[in-house]
Structure formats: structure tokens, C-alpha cells
1. What's the long-distance tail for chain A, i.e. % of Cα pairs beyond 34 Å?
2. In degrees, nearest 10, range 0 to 90: what is the angle between the Cα axis of helix A:212-230 and the longest Cα principal axis of chain A?
3. With a Förster radius of 25 Å, plug the Cβ-Cβ distance of residue A:379 and residue A:102 into 1/(1 + (r/R0)^6) and report the FRET value to the nearest 0.05.
4. For residue A:421 and residue A:199, calculate 0.36 nm times their separation in residues minus their Cα-Cα distance, and state this gained length in nm to one decimal.
5. Under 15 Å from a label point 7 Å along Cα→Cβ of residue A:172: give me every residue in the stretch A:96-127 with its amide N that close.
6. How large is the convex hull of the Cα atoms of the stretch A:265-371 per residue, expressed in Å³ as a whole number?
7. For A:415, A:186, A:384, A:113, which order do you get if you count the other beta carbons within 10 Å of each Cβ and list the fewest first?
8. Comparing A:286, A:343, A:210, which has the greatest mean-square fluctuation in the GNM of chain A with Cα pairs linked when under 10 Å apart?
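What follows draws every value from the coordinates through simple rules; no lab data is involved. Everything quoted here is computed from the prediction, not taken from an experiment. Positions of Cβ are backbone-derived with ideal geometry, glycine not excepted, and every protein chain shown enters the neighbour counts.
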DNA sequence: TCTGGGGTCCTAGGACCC
DNA sequence: TCTGGGGTCCTAGGACCC
């Protein structure tokens with residue numbers, strides 16, 4: 001009996017979502033941009049071949065986009081989130097032990113695999129997801145999560161595998177790991193990708209065979225774990241259950257920088273409201289709130305970045321309290337004359353609503369009243385959308401301007417934007 | 001002109017205690 | 001000349017992930 005992990009990863013997920021509803025885009029170069037139309041966050045294979053890296057600023061590639069007629073979309077998270085659910089629901093037909101790792105990836109574990117046609121099983125999953133949702137996926141299989149990840153990378157890179165590869169009992173494993181760059185190993189990021197090659201570690205195989213003391217010294221326990229996993233020793237279990245976040249961040253970049261305190265106040269009030277909603281959604285309260293503002297990090301002159309933290313008397317998820325303290329913090333760090341490009345709110349010291357430490361100034365009855373009020377607010381906004389009822393501090397007009405030029409329709413979540421089929 | 005928005009975990013160092 | 005030896009807790013920052 002052997003443990004086997006599968007990783008199902010959607011190919012170029014956001015681009016693939018767009019293609020489901022615009023089949024003519026198949027085999028054409030397509031990219032999807034970040035929130036503010038600033039960066040490229042999803043690229044079709046054709047765009048990858050042009051050498052556009054993940055997270056690239058769009059303005060650097062204007063000429064390329066024009067030259068190759070690349071189709072460009074603004075992000076449409078409503079659509080992608082819904083497509084993601086469809087993919088995950090499909091996977092649940094195959095296992096009741098699914099870890100949804102991100103919007104476009106899921107692990108699952110076969111506990112009693114006794115050998116046999118792992119790759120055939122993978123292909124069945126792949127074709128089913130494709131048929132039911134229209135989304136192409138790649139599948140990596142390994143005896144640890146890190147090996148499943150590596151298999152997935154290899155399956156994507158080498159056409160011979162047609163999107164499915166198992167490294168379980170695979171005699172070519174070392175040979176394949178030697179073809180995987182060290183930076184493509186799960187757990188090796190930008191910093192290690194640069195610092196490890198000078199020591200002769202250039203591929204996944206090099207890392208697998210590196211001496212323990214060296215890894216421990218250079219990379220700490222996380223590095224040790226990665227190396228053990230490459231050797232087939234499972235250190236990272238499947239992680240499921242309701243995820244209760246330990247920090248909640250809401251922040252945005254502005255297309256046109258904000259300069260006035262009053263504009264920033266509205267923005268911050270809005271982010272606090274959003275963050276508090278997320279907090280209540282997971283049944284939590286926050287002990288601390290941090291407000292930060294910053295000018296463009298790409299402009300050296302007049303760079304300014306600051307933050308201020310408040311610890312609440314007792315943990316809360318009550319929007320008015322949180323906005324009041326956030327705005328006070330904002331006033332403390334606001335410096336006139338700066339071009340603010342980004343602002344945000346970070347909630348920490350998060351705990352469950354069930355065991356709030358009450359105190360003299362936060363008697364039980366007040367607290368219950370606040371919770372009921374917030375529950376009604378959430379219900380109304382959930383039903384009628386967005387900011388049907390909102391704090392006056394957020395202002396009436398939109399704050400700043402965001403670029404949303406080429407957003408596709410919410411085909412699957414809005415009645416008014418359903419697909420129209422002509423016969 | 002123009003550079004995303006979330007999260008996690010670990011570690012080093014300072015403050016403080018006896 | 002030379003400045004204890006532990007602990008714990010907190011925070012900032014660095015590494016990673018998507």
C-alpha cells in the first residue's frame with residue numbers, strides 16, 4: 001500500500017476561462033491583466049512563447065501586443081471564481097479527499113493505491129474536466145506533494161506526456177528531475193533560484209541530492225522539508241477543513257495617485273468595510289488593525305510609505321468601530337504633498353467570535369447588538385449586492401478611477417450577461 | 001502616462017523577566 | 001582587564017505560494 005498524491009492544475013486558468021466563452025480565441029495569443037490593468041497575470045502558451053513573464057507590466061509590451069494582435073482582457077474574478085467551482089465540483093466526483101489549494105489547483109490523495117495505471121486514471125480525470133467545464137488541466141502524480149507538483153511542471157513542459165505524468169515507480173524519475181530547473185521546484189522562489197546555482201545546485205535533481213547540513217544551514221526547516229519530499233519522504237499532508245484566515249488584507253493600487261486626506265479616508269473606509277465583511281464571513285473577530293499608505297515603489301524621489309497599528313480593547317468585527325480607528329490611524333501617518341499610489345488595511349490577531357474576551361467597556365449586551373446589526377447588514381448586501389447599505393465614511397462617489405477596459409461578461413453569474421446564442 | 005492582490009510560515013533580534 | 005545565563009514574548013522582515 002502506497003500513498004499517492006495527485007495535483008490537478010488548470011492550464012493558463014484565466015485565459016482558459018475566457019476561451020470557454022470565446023472559442024475563436026483558441027490557439028490565439030491571449031492575456032489577462034491584473035486588477036488595475038497594470039500587470040499580466042495570465043498568459044496563453046502563445047504569449048509565453050513571446051517571452052512575456054508572469055506579472056510583467058503591460059506598458060512594456062504595448063508594441064508586442066500590437067504586433068502579434070494579442071487579445072487582452074481585464075480581470076473578471078466573478079467569472080473565474082465560478083469556473084473554479086465547476087472544476088472543483090467535477091474533481092469531487094473522483095475523491096472525497098480534495099484539497100483546494102488555490103483558485104486553479106487541487107491536490108488529492110489515493111490512500112490505498114496498490115499499483116496499476118495511475119496515468120490512465122489521470123487521463124480520465126483530465127478528459128472529464130475538459131468535457132464538463134471546458135477547462136484544460138494538467139495532472140502530476142507523485143508519492144509526495146512536492147513530487148506531484150514537479151510531475152505537473154514536467155507534464156506541462158514536455159508535450160510527450162500530453163498533460164499527465166506520474167513519477168510513482170517511474171524509472172526515469174531522476175532523469176526527469178534533472179530536466180527541471182531548480183526554480184521550478186515547489187518551495188524554491190526568487191531568492192533561492194539566484195543563491196543556489198553558484199553552489200552547483202541548478203536542477204531539481206541537484207537539490208534532491210544535496211547534503212543535509214548544507215540545506216539546513218542555507219534554507220532552514222522549510223528547505224529540509226522540500227528536499228525530503230523530493231526524495232519521496234512525505235512531510236506535507238493534505239490540508240483541508242474550513243480555512244480560517246489568520247490575517248485579512250484588503251488593498252488596492254490607484255491608477256491616478258490620490259493626494260488628499262479626504263480621498264484616502266474614503267478609500268480606507270471602503271477597505272475596512274470589505275475586510276470586516278471577510279472577517280464576519282469566517283465567523284471571526286480581529287484583535288488588531290493596521291492601516292498603510294504608500295507612494296509608487298518604482299519612484300525613488302519623494303518615496304513615502306508608512307503604517308499605523310491599533311490594538312482593539314477587545315477583538316471586534318464591528319465595522320463602525322473599525323472604521324473609526326482606521327481613520328484615526330490614517331490621520332497619524334498621512335503626509336501632505338505625497339502622491340499615494342496604494343493603500344490598504346490589514347487585520348491580525350484573528351480569533352473566533354465564540355470566545356471574545358469581554359471587558360468592562362464592552363459589555364455583553366452591546367456586543368450582541370453590534371453582531372445583530374452587522375448580520376443584517378451582511379444579509380442585505382449579500383442579497384441586493386455590493387454596497388446597498390454602507391458606511392457614510394465611504395462617500396457616495398467612486399474613489400479614484402480604476403481601469404477596467406476590456407472586461408468580459410459574467411456569463412455564468414449575471415442574468416443580464418448570459419450568453420446569447422443565435423440559431 | 002503605465003508596475004496586482006491576496007495569503008502562509010519561519011527567523012532574528014530586541015524587550016523584558018528572574 | 002572587564003560586563004551572567006537563562007528564559008519568553010513580540011515584531012519586523014524575509015522567504016515562499018497562487
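1. Details: 40077 of 89253 pairs.
Distances greater than 34 Å cover 45 percent of the Cα pairs.
2. Relative to chain A, helix A:212-230 is tipped by roughly 70 degrees.
3. Numbers: r = 29 Å, r/R0 = 1.16.
Calculated value: 0.30.
4. Numbers: separation 222, 0.36 × 222 = 79.92 nm, distance 5.90 nm.
Answer, rounded to one decimal: 74.0 nm.
5. In the stretch A:96-127, the label zone of residue A:172 (backbone N under 15 Å from the point 7 Å along Cα→Cβ) covers A:119-120.
6. Details: hull volume 10.1 nm³, N = 107.
Expressed per residue, the convex hull around the Cα atoms of the stretch A:265-371 is 95 Å³.
7. Working: A:415 6, A:186 20, A:384 10, A:113 17.
The fewest-first ordering by Cβ neighbours comes to A:415, A:384, A:113, A:186.
8. It is A:210.
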